[in-house]
Structures are given as C-alpha cells and as structure tokens.
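K.L.:
Sharing a structure below in structure tokens format, with a few things to ask.
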Amino acid sequence: MSPKKRYGLGRGLDALIPGGEGGDAPTRGVQYVPIAAVRPNPQQPRARMDPAALEELAASIREHGILQPLVVSRGPGEGEFTLIAGERRWRAAQLAGLERVPVLVREVTPQEQLELALIENIQRADLNPLEEAEAYRQLHEAFGLTHEEIARRVGKSRVAVTNALRLLKAAPAVQQALHQGRIREGHARALLALPTHAAQEAALQTVLREGLSVRETEALVRKLLGRAEVARPRGAARSADDAATRSIEARLQAHLGTRVQVRPGRRGGRIVLYYYSDEELDALLQRLLRA
C-alpha cells in the first residue's frame, strides 16, 4: 500500500491520538510498518469478531485503504508493535493482503492498554454485554480499580458498571444464551434475581421455549420468587395471590434496580432489599438517599 493513501480520523479516537484535532493533524506521527510486525492486544476485551463483517471491511480496505491508523505500543522485540486500538481493521487488512499498515505509536502501561481497547470498543458498541463485563472485571481485579473509577474512565455510570459485572454471576447457561444472542441483557438481569443457578437455568428454558420478552421474564421471575416465599415456614409466608403487594415490589425493584420483598404483617410489615456486593450496596444507598 502506498504511503500516499489518504486516511482520516474516526469519531471517538481523538483521545487516543495526540494532536488529532481537525485539519491535517491526524497525519502527524503516523508511520507505515509491516503488518506482520503488529501483534494483537493480549487484553483485547472483544473475544469474537463477525467473519462476514470482517470480509466486508477487507473489501473496503482493498478499494480505499485503511482510513484510520492503528494505535499501537512498542512490542517486546525490536521492530515489534502491540495493538491498542484497531484490531478489527488489522485483521481485515490481513484478509485484504496488505503488507504495510499506518500506525501511531503510544507508550502505555498494561492497564492503559486494556482501558483504551475497552473504550474504543464501547464507543463503537462492538462488545457484547459479557465481553464488556469481563473487561470491567479485569480492571477491577488486576488493577484494583473501584467500580466508580472504572465508570469514570469508560464514560459509564457506576450503576451500569456494577450491573454489568453482575452478569458474570449468572448461571453458565444464561451467560451462554446471552453470548449467543438468544436472550438480551435485560433477560439475564431479570434471571439473576433467582437465588440459584438451577432456578435461573430452569427459568431460562421457559423464556426460550415461550419466547418471553424482558417484561414477561421479569413477571415470570416475580411469580417464581412468590412461590418460593409461600414454601417458607408459616411465620414467614405471604400470600402469593396478593396482587397489591406484588405490584409494590415490582415498582420498587424497577426503581432501585435490585430484588425487593414486601412482607406485610398484622401491624405494618417489612421491606427487604437485597444486594450482592459492597458496590451494589453503595449504589442502593445513593438511590435511597437521593430519593
């Protein structure tokens, strides 16, 4: 590929490329390197790329070249580079038969490498919910970032990060169905309210068999939780057909983003709020105190 090929910045990568503010600024610092010298990012959060979409991009690259430089860091060996952003373009360029690719070199830490790859994919909506959750988990466990710090770096709310991480606690069958696109994130979050993996997987079969929507799945889960309460000892039991109580629970769950139980008694009663991590407790307190 001739170095005279033109290219421009895609939206969302300006923060990764120094001096990339309009005009010819993106051309500064770009160099062409052998495509064989570029290695994939070992912390790339996206696990799978659509082969058909890669072929389409490869066809475009054959016709127009790479319109946006790859962002790389220097690799362990002389003349080697590690991708930070642009793995999809790099793979498509391989399919297109390119020998050299335009790159911008940045010096980054392993944490920054993961953050930038995650940010690029989020900006392009390329990650599925589980890939996004796994990247958050790496930032939390490997680099010690709190949910709030992760949220600030990737431009999400803390509650969104916490809810994404909860998906990793879902039953394996639920995670697989979500990864395959057979259910949506809303389905998985609803199923997470069930206390065991066995209960989640049983409910999942009903969701798939009957093609339930997210709202219908939430209703199914509430019904199953109501049955579980009826099975408790008499002193803790509540009426499963108390529509008013279930309605109040549903409204509270929708508002607070967590499982809620309303337990009426002879005089008054109790409201039980569930949380599954310190971060979820913090987010719940924020919502309650704001209210």
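K.L.:
Could we say that LEU194 is outside any loop (DSSP other than H, G, I, E, B) and aliphatic (A, V, I, L, M) here?
P.N.:
Details: outside any loop (DSSP other than H, G, I, E, B): no; aliphatic (A, V, I, L, M): yes.
In short, no.
K.L.:
Within segment 88-97, track down each residue that is surrounded by fewer than 21 Cβ atoms within 10 Å (Cβ to Cβ) and over 15 Å from GLU56 (Cβ atoms).
P.N.:
GLY97
K.L.:
Here's a follow-up. What about GLU210, is it modelled with pLDDT of 85 or more and touching a helix residue (DSSP H, G or I) at 6+ places or on another chain (Cβ under 7 Å)?
P.N.:
Details: modelled with pLDDT of 85 or more: yes; touching a helix residue (DSSP H, G or I) at 6+ places or on another chain (Cβ under 7 Å): no.
Answer is no for this residue.
K.L.:
For residues that are without any contact (Cβ under 8 Å) to a residue 24 or more places away in the chain and not in a helix (DSSP H, G or I), scanning just segment 197-220, find the one that is surrounded by the fewest Cβ atoms within 10 Å (Cβ to Cβ).
P.N.:
GLY211
K.L.:
Would you confirm whether any residue within segment 14-32 is at pLDDT 85 or above and assigned by TED's automatic domain parsing to the domain that holds PRO102?
P.N.:
First, pick out the residues of segment 14-32 that are at pLDDT 85 or above: 31-32.
Narrowing the set further to residues that are assigned by TED's automatic domain parsing to the domain that holds PRO102 leaves 31-32.
Looking for residues that are at pLDDT 85 or above and assigned by TED's automatic domain parsing to the domain that holds PRO102, one finds at least one in segment 14-32, hence yes.
K.L.:
Continuing with this model, one more query. So which residues in segment 75-87 are surrounded by fewer than 18 Cβ atoms within 10 Å (Cβ to Cβ) and over 10 Å from ARG39 (Cα atoms)?
P.N.:
Residues satisfying the conditions are PRO76, GLY77, GLU78, GLY79.
K.L.:
Check whether at least one residue in segment 173-180 is outside the structural domain of ASP278 (by TED's automatic domain parsing), more than 19 Å from ARG259 (Cβ to Cβ) and not in a helix (DSSP H, G or I), and report yes or no.
P.N.:
Looking for residues that are outside the structural domain of ASP278 (by TED's automatic domain parsing), more than 19 Å from ARG259 (Cβ to Cβ) and not in a helix (DSSP H, G or I), one finds at least one in segment 173-180, hence yes.
K.L.:
Still on this structure, I have one more. Scanning segment 99-114 for residues that are of a type in the set (A, V, I, L, M) and surrounded by fewer than 21 Cβ atoms within 10 Å (Cβ to Cβ), which turns out nearest to the chain's Cα centre (by Cα)? Walk me through how you get there before you give the answer.
P.N.:
Applying the first criterion (of a type in the set (A, V, I, L, M)) to segment 99-114 yields 101, 103-105, 108, 114.
Filter once more, keeping what is surrounded by fewer than 21 Cβ atoms within 10 Å (Cβ to Cβ): 105, 108.
On the way: VAL105: 27, VAL108: 23 Å.
Only one residue fits best here, namely VAL108.
K.L.:
Could you grab me the full set of residues in segment 96-126 that are modelled with pLDDT of 70 or more and either in a strand (DSSP E or B) or closer than 20 Å to GLY186 by Cα (or both)?
P.N.:
Answer for segment 96-126, where residues must be modelled with pLDDT of 70 or more and either in a strand (DSSP E or B) or closer than 20 Å to GLY186 by Cα (or both): ARG100, VAL101, PRO102, VAL103, LEU104, VAL105.
K.L.:
Which number in (1) within 21 Å of the chain's Cα centre (by Cα); (2) part of a loop (DSSP other than H, G, I, E, B); (3) over 29 Å from PHE143 (Cβ atoms) marks the one condition that ILE66 misses?
P.N.:
It fails just one condition, (1).
The values are calculated or read from the model by the stated rules, or taken from the named source; none is laboratory data. Bear in mind that the values here come from a model prediction, so they are computed numbers and not experimental data. Because the Cβ atoms are built from the backbone with ideal geometry, glycine has one as well, and the counts that use them run over all protein chains shown.
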